[in-house]
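To keep things clear, I will list the structure first and then write my remarks on it.
The values are calculated or read from the model by the stated rules, or taken from the named source; none is laboratory data. Note that the structure is a prediction, hence the values are computed from the model and not measured. Glycine also receives a Cβ, built like all others from the backbone with ideal geometry; neighbour counts cover every protein chain displayed.
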Amino acid sequence: MESPLPPDGEARQPPSKDDKVALKDVRGSIFRANPAFELILFDRLPPEKQQVFQDLKNDPEFYGVLVPRDSTFSTIKAVCRNSALLYFTLLQPGPLPSYLQAEFGDSCNQAIVQLVLDGVLEMQHGDRFVSGSNAFELIYESDANQPQPEGMIARLTLSALGYGQMLDLDDTARLSARLYFYNRIPLSERWRRRLPSEEAVLAYLQMERHRKLLDQRWSKIQSSLPFGGWLQWQSRQGAHMNGRPKEKHGYKLYVSPTPEFVPEAFRAVIELPEALGPNYFKVGSDAAGLLRPDKLVLYFSSFDMLQACADRLSSRLGGCPAHGVPFTAALQTGAADEGLFSWGADPPADKGALSWQERESWRLFITNRLASAMISAKKAATPGLQPSQFALERLRLEGIDTGKWIPTSSFAMDRRS
């Protein structure tokens with residue numbers, strides 16, 4: 001299992017201590033495979049579907065896919081051999097097979113809980129079987145301790161969740177996008193006229209004034225999908241990165257001033273001492289890009305380097321008004337406004353990812369999972385349970401501290417069912 005954090009001995013931000021989610025022990029319950037899905041062996045998928053999932057054949061543990069039978073669930077789930085065996089075992093309701101405890105060890109209870117919350121398995125409750133948010137009270141202790149938001153960024157993130165909960169959307173990708181872009185400043189006619197093109201953005205950033213320094217210290221990277229919409233530079237000292245940071249497990253520093261102060265922040269970044277500079281950075285290339293909260297992003301190979309850079313920038317940008325990036329972790333940096341600096345760490349590539357899928361960033365990893373859980377809970381309409389609460393609790397089981405929005409030490413990236 002891989003983690004987005006560097007190995008021991010490398011400079012890093014210690015992850016949040018494991019957030020002990022108060023779960024009931026459900027291992028003695030009666031379960032069944034959810035009849036809302038059909039488990040299909042890869043070889044028996046129609047040819048066009050086999051083409052879509054062809055990349056998964058590279059994983060020797062891959063078995064097939066769970067396909068929803070109706071609109072209750074909207075997501076097709078890739079399944080490994082062990083999960084397929086469990087699913088077939090529970091086609092007839094019964095207790096968990098004894099081999100599971102040996103297979104999962106101490107994590108057995110949580111592994112089963114996650115399958116129930118995701119609707120793969122159902123638990124018996126009286127004369128019926130339940131899953132997802134309808135199994136919430138059977139899974140969580142009544143004194144479950146949801147972390148409280150800490151600071152402006154965390155409160156902004158919870159506001160984004162409240163907004164997402166009010167939207168009448170049942171498509172995970174669309175809801176995730178609305179969460180991801182929360183806190184954007186609307187593209188007004190004033191900004192459209194001020195920054196009508198990339199050339200206008202370059203002038204706004206006073207590029208000619210900085211041309212000599214940029215040419216000495218930085219190599220401009222030609223934008224291409226999925227990096228369209230960004231102006232990008234790589235440090236001439238950072239050749240060890242071997243390409244764009246999205247291909248590595250790097251740390252991101254978000255510098256989020258209000259749009260009027262982007263030129264000042266941009267200048268502070270390119271004038272950083274070489275020892276404190278990022279391996280790579282990017283800034284929005286059009287008006288919409290500079291109005292989004294995550295408009296200026298710097299990449300580093302360790303958290304210590306990121307923190308040192310943020311401290312230096314803070315001394316330059318003290319008093320600069322903050323915009324604020326939801327679904328990131330706040331940084332404490334001296335004189336700068338709260339919310340001006342925050343961070344994230346791109347997760348390693350999912351073993352179950354398909355070649356045509358865009359690599360998930362830290363924020364997209366979070367918003368995708370929150371959106372999926374919120375839509376599931378909305379459809380279930382569980383009395384007394386807000387969809388956002390269900391989504392937060394589900395995300396905590398993925399190893400995310402939802403008070404600070406950082407990975408815990410149990411965070412892992414094997415995302416197969």
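When each of 154, 173, 200 is tested for being of a type in the set (Gly, Ala, Ser), under 18 Å from residue 378 (Cβ atoms) and assigned to a helix (DSSP H, G or I), the lone residue that passes is 173. Just one of the listed residues (139, 153) is surrounded by 17 or more Cβ atoms within 10 Å (Cβ to Cβ) and in contact with a Ser or Thr (Cβ under 6 Å, 6 or more places away or on another chain), namely 153.
Restricting attention to region 148-168, does a residue exist that is under 15 Å from residue 26 (Cα atoms) and at pLDDT below 90? There is no residue in region 148-168 that is under 15 Å from residue 26 (Cα atoms) and at pLDDT below 90.
Can you tell me which residue is surrounded by the fewest Cβ atoms within 10 Å (Cβ to Cβ) among those in region 55-76 that are of a type in the set (D, E, K, R) and part of a helix (DSSP H, G or I)? Ranking the candidates gives 57 first.
For region 248-278, filtered to residues that are among the charged types (D, E, K, R) and at pLDDT below 90, the residue that is surrounded by the fewest Cβ atoms within 10 Å (Cβ to Cβ) is 274.
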